[in-house]
Amino acid sequence: MKQIIRKTTVLMLLSMFLVSCTDKEARNDIEALSRKQQSIKIKIAGIENAQKEILTKIDELKSSVTNLASKPANKDKKKKERPETDHNKFYDIPVEDSFVLGPQNAKVTITEWMDFQ
């Protein structure tokens, strides 16, 4: 019986010692954790708002794509027809100092143009 009383007394003294030593430190730790928790909650709220904005923009893009896909293709209207060739039209191309085969004053001149880029 003495042993039980002794063990109980030792446990009570030890627990009181631990509570008295860590009470102030525990409060400080709890306050620090509470501040960190509040900071994390604020950051999460900001992330949630940004996520809502992104989802809204995605929905807008989806509706735009759907609208574009549902419109009939007006390729025929947009496609310009090639103008008819006028075989009687005269083009005056200055030869100047260009390389020429044959006489400079020929009635017919065939001009070959190349772009070396």
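Return yes or no: is VAL19 over 26 Å from the mean Cα position of the chain (by Cα), in a loop (DSSP other than H, G, I, E, B) and modelled with pLDDT under 75?
No.
Kindly provide the set of residues from the range 47-81 that are among the basic types (Lys, Arg) and either surrounded by 10 or more Cβ atoms within 10 Å (Cβ to Cβ) or modelled with pLDDT of 80 or more (or both), ordered by number. Before you say what the answer is, go through the steps one by one.
Step one: of the range 47-81, the residues among the basic types (Lys, Arg) are 52, 57, 62, 71, 75, 77-80.
Within the range 47-81, LYS52, LYS57, LYS62 qualify.
The values are calculated or read from the model by the stated rules, or taken from the named source; none is laboratory data. The shown structure was predicted, so the numbers you read here are calculated from the model rather than taken from an experiment. No Cβ is skipped: glycine too gets one built from the backbone with ideal geometry, and neighbour counts run over all protein chains shown.
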